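The values are calculated or read from the model by the stated rules, or taken from the named source; none is laboratory data. Keep in mind the model is a prediction, meaning the values are calculated, not measured. Virtual Cβ from ideal backbone geometry, glycine too; neighbours counted across all protein chains shown. Just so you know, the surface numbers come from the protein's heavy atoms only, side chains and all, with ligands and any DNA or RNA stripped out. Shrake-Rupley method; radii C 1.70, N 1.55, O 1.52, S 1.80 Å.
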Amino acid sequence: MVSLQSGACLIRTTKAGDGASLWQLASDSGRLDVNSAYCYIMLCEYFSDTCLIAEIQGEKAGFVTAFLHPSHPEVLFIWQIAVSAAHRGKGIAEQLLTKLMESSRCRQVRFIETTISRSNTASHRLFDKFAKSMGAAKVITEGFAPQLFPGAGHEEEPLVRIGPITHRQ
């Protein structure tokens, strides 16, 4: 249980039954690419050790989905992170990232990677703040070009890399 300014927040690993809630939070965010409900169910089930959900008084308040890079287990890729509109500004996103990095599954993680469109200033601020709290650099390089996405109008998704991270004992 994590204490926030306005009460207690339970942060826990996910299970398949959380998938629909993650889908709804992503859909309601207005910023995230919304994946299929199946994708969220699968992430919650098969990557439950690196996916977390935050609850406040039983209400789903936010989530982070992530996985360890298959070829580089020292790299944690953050797929998505979202906080419901009702709970933004309470530090939930930072707590989700901190709790994830404190988990036994992430002890070998030295780098965090994610992609963030240039217009998503909230996510850039979050990861700037998180990099600073970890005492690590944030470097932006080429990620996924717009032409890789179907249809028109998808922004470039530059790769954001934070690290190296030194775990505190």
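The HN-Hα couplings worked out from phi for the range 154-164 by the Karplus form 6.51 cos²θ - 1.76 cosθ + 1.60 (θ = phi - 60°) are 7, 6, 4, 10, x, 7, 10, 10, 10, x, x Hz, whole numbers, x standing for Gly and Pro.
Here is how the number arises for the chain: DSSP H runs of 4 or more residues each give -39500 (n - 2.57), the sum is divided by the residue count, and the result at 222 nm is -8500 deg cm²/dmol. Total lysine pairs in the chain at Cα distances under 17 Å, for residues eight or more apart or on different chains: 9. Phi angles of the range 75-82 translate, via the Karplus equation with coefficients 6.51, -1.76, 1.60 and θ = phi - 60°, into HN-Hα couplings of 10, 9, 9, 8, 6, 8, 9, 8 Hz per residue; Gly and Pro are given as x. Listed values (i) 60, 44, 32; (ii) 42, 40, 30; (iii) 69, 33, 23 include one computed from this model; for Cα extents along the principal axes in Å that value carries the label (ii). Here the range 23-169 has 53 percent of its accessible surface on carbon and sulfur atoms, given a 1.4 Å probe and all protein chains in place.
Give me the 1.4 Å probe accessible area per residue for the range 77-129, excluding ligands and nucleic acids, in Å².
It amounts to 48 Å² per residue over the range 77-129.
Put simply, the amide H of Gln80, placed in the peptide plane, has neighbours under 5 Å in Thr65, leaving out anything fewer than 5 places away on its chain. Among residues other than Lys129 with Cβ under 15 Å from its Cβ, the summed charge is +3 (Lys and Arg +1, Asp and Glu -1). The amide H of Ala61, built 1.01 Å from its N in the peptide plane, has Ala54, Glu55, Ile56 as neighbours under 5 Å, considering only residues 5 or more places off or on other chains.
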